[in-house]
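Notes follow the structure.
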Amino acid sequence: MSATYPERCNQLRDRLELGNGEGLVISHLPDIRWLTGFSGSSGLLVLWTGGETLITDGRYTAQVAHESPDVDVHIGSGLPGSHIWQILQVNELSGVRLQADHATWSQILSWKDTWSGVTIRKAHDELAYLRASKSPTELELIRRALAITEATFEDVLARLEEGISENDIAAEIEYRQRTMGASGAAFDTIVAFSENASLPHARPGERTLRRGDVVLLDFGCVVEGYHSDMTRTVSFGGTGKEFLEAYEAVRSALLRSQELAHAGLTGEKLDGIARDELTRRGYGSAFSHSLGHGVGLEIHESPSVSRRNQQSLVEECIITLEPGVYLPGQFGIRIENMVQLHAGGCTILNTLGTELIRL
């Protein structure tokens with residue numbers, strides 16, 4: 001059963017171990033949404049042992065009442081620091097922790113000037129840890145988003161014809177995902193042909209499709225705040241020996257990482273499994289990014305599946321696995337699935353296969 005918003009706030013309180021008279025100011029909007037359900041673009045949440053108050057402005061009076069009916073709400077105008085100060089005074093809070101990574105330096109300086117006598121310190125990233133483990137409800141929303149993305153991919157394959165541009169395909173992808181029920185794209189859609197695909201984060205342009213091209217498609221969508229992310233690389237016409245070898249190396253790295261992925265592995269270890277497979281096949285130096293990342297209310301969130309993450313991956317987190325090979329001036333290949341990790345393995349959320357599609 002999924003936790004309610006008040007239960008999530010209590011989970012955070014337990015993890016914070018707040019002292020008497022101490023609170024937390026939450027400024028990261030995805031964290032606020034996870035804790036309260038509020039999806040507006042302007043808000044701050046003050047949480048302490050005895051309660052929490054959501055601060056927003058008059059534009060969201062009706063919306064916040066609908067989305068967060070059980071949360072104490074403070075509607076204000078002007079500088080938000082003064083509204084936080086009122087809450088600190090009313091609740092006799094003499095110390096606060098700030099999400100320093102999600103507030104500007106000018107905001108922090110302004111708040112320090114406004115909150116006379118209040119001790120300020122940086123909060124640890126407790127919310128990233130709590131949000132990483134996905135509830136059944138969150139899983140279902142991500143599955144819905146991914147189903148739209150996969151259906152869009154199958155539809156768009158029929159649109160690949162000589163003369164169509166990367167921009168044309170990107171626009172088609174975003175249009176089709178919206179018509180299927182998505183609220184928008186999960187990130188800037190990547191459509192890249194052949195030499196452009198050798199850039200891991202290529203931007204679609206006016207390059208037109210020619211017979212013999214490689215086509216890399218990386219895109220996703222958003223359903224009720226939750227994201228999907230998928231990459232497939234297909235062949236439009238002929239394929240050379242080097243492309244086929246590289247494709248099978250990338251696919252083997254994905255399948256190997258899926259086979260061995262489970263909660264409790266470190267991000268570094270899981271990244272290394274795919275990297276070692278690519279190295280074994282002669283393409284390790286052509287893999288220029290991390291294996292994956294967490295996905296949820298943000299397209300990139302905790303945990304990181306990279307050589308930099310030496311922490312264990314938590315149970316029920318949803319991550320991407322996206323090994324790639326990039327040969328400058330020639331082509332790029334990336335194949336990406338989403339998986340949910342468990343103690344004994346993982347569930348692959350994608351339904352589409354990873355075999356090479358030749359058009």
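The values are calculated or read from the model by the stated rules, or taken from the named source; none is laboratory data. Quantities reported herein were computed from a predicted structural model and do not represent experimental measurements. Note that we place each Cβ from the backbone using ideal geometry, even for glycine, and neighbour counts take in every protein chain shown.
Can you pull out the residues in segment 253-271 that are out of contact with any Lys or Arg (no Cβ under 7 Å at 6 or more places or on another chain) and in a helix (DSSP H, G or I)?
Restricting attention to segment 253-271, the residues satisfying the condition of being out of contact with any Lys or Arg (no Cβ under 7 Å at 6 or more places or on another chain) are 253-267, 269-270.
Those that are out of contact with any Lys or Arg (no Cβ under 7 Å at 6 or more places or on another chain) and in a helix (DSSP H, G or I): Ala253, Leu254, Leu255, Arg256, Ser257, Gln258, Glu259, Leu260, Gly267, Lys269, Leu270.
Between Val339, Val314, Val325, which is in a strand (DSSP E or B) and farther than 24 Å from Ala185 by Cβ?
That would be Val325, the only listed residue that is in a strand (DSSP E or B) and farther than 24 Å from Ala185 by Cβ.
Of the helices (runs of 4 or more DSSP H) contained entirely in segment 30-119, those carrying at least 2 residues that are within 27 Å of Val295 (Cα to Cα) fall at 61-67. Checked against (1) of a type outside the set (Asp, Glu); (2) surrounded by fewer than 17 Cβ atoms within 10 Å (Cβ to Cβ); (3) at pLDDT 95 or above; (4) in contact with a Phe, Trp or Tyr (Cβ under 8 Å, 6 or more places away or on another chain), Ile120 passes all but a single condition, namely (3). Looking across segment 226-269, the residues that are closer than 15 Å to Gly282 by Cα, out of contact with any helix residue (DSSP H, G or I) (no Cβ under 8 Å at 6 or more places or on another chain) and either of a type in the set (S, T, N, Q) or surrounded by 17 or more Cβ atoms within 10 Å (Cβ to Cβ) (or both) come down to Phe243, Tyr247, Arg251. Taking the criterion of being outside any helix (DSSP H, G or I), out of contact with any strand residue (DSSP E or B) (no Cβ under 8 Å at 6 or more places or on another chain) and in contact (Cβ under 8 Å) with a residue 24 or more places away in the chain, the residues of segment 133-179 that qualify are Ser135, Glu161.
Can you tell me which of Glu316, Glu259, Glu277 is at positive phi and assigned by TED's automatic domain parsing to the domain that holds Ala185? Before you say what the answer is, go through the steps one by one.
Details: Glu259 fails: at positive phi; Glu277 fails: at positive phi.
Exactly one residue qualifies, and that residue is Glu316.
Checking the structure you have, find out if any residue of segment 58-67 is in contact with a helix residue (DSSP H, G or I) (Cβ under 7 Å, 6 or more places away or on another chain) and either touching a residue at least 12 places away in the same chain (Cβ under 8 Å) or not polar (S, T, N, Q) (or both). Lay out the reasoning, then the answer.
Looking only at segment 58-67, we keep the residues that are in contact with a helix residue (DSSP H, G or I) (Cβ under 7 Å, 6 or more places away or on another chain), and these are none.
Looking for residues that are in contact with a helix residue (DSSP H, G or I) (Cβ under 7 Å, 6 or more places away or on another chain) and either touching a residue at least 12 places away in the same chain (Cβ under 8 Å) or not polar (S, T, N, Q) (or both), one finds none in segment 58-67, hence no.
Residue pairs whose Cβ atoms lie under 8 Å apart, sitting 6 or more positions apart in sequence or on different chains, and linking a residue in segment 283-305 that is in the same structural domain as Glu224 (by TED's automatic domain parsing) and within 9 Å of Ile319 (Cα to Cα) to a partner that is part of a strand (DSSP E or B) and charged (D, E, K, R), are Gly292/Glu336; His293/Glu301; Gly294/Glu301; Val295/Glu301.
The residue of segment 289-332 that is farthest from Tyr129 (Cα to Cα), among those that are out of contact with any strand residue (DSSP E or B) (no Cβ under 6 Å at 6 or more places or on another chain) and of a type in the set (A, V, I, L, M, F, W, C), is Leu327.
When segment 13-47 is filtered for residues that are within 18 Å of the chain's Cα centre (by Cα) and aliphatic (A, V, I, L, M), the ones remaining, listed by number, are Leu29, Ile32, Leu35. If a residue has to be over 17 Å from Ile26 (Cβ atoms) and of a type outside the set (Gly, Ala, Ser) to count, how many in segment 71-85 make the cut? Residues meeting the conditions: 2.
In this structure, does Val222 turn out to be crowded, with 18+ Cβ neighbours inside 10 Å, in a strand (DSSP E or B), modelled with pLDDT of 95 or more and over 21 Å from the mean Cα position of the chain (by Cα)? Talk me through it step by step, then tell me what you get.
On the way: crowded, with 18+ Cβ neighbours inside 10 Å: yes; in a strand (DSSP E or B): yes; modelled with pLDDT of 95 or more: yes; over 21 Å from the mean Cα position of the chain (by Cα): no.
So Val222 does not fit the description; no.
Could you check segment 1-29 and list, in sequence order, the residues that are under 21 Å from Val295 (Cα atoms), part of a loop (DSSP other than H, G, I, E, B) and out of contact with any helix residue (DSSP H, G or I) (no Cβ under 8 Å at 6 or more places or on another chain)? Of everything in segment 1-29, just one residue is under 21 Å from Val295 (Cα atoms), part of a loop (DSSP other than H, G, I, E, B) and out of contact with any helix residue (DSSP H, G or I) (no Cβ under 8 Å at 6 or more places or on another chain), namely Thr4. Search segment 65-97 for residues being among the aliphatic types (A, V, I, L, M) and over 20 Å from Asn10 (Cβ atoms), and hand back the single one that is farthest from the chain's Cα centre (by Cα). Residue satisfying both the conditions and the ranking: Val90.
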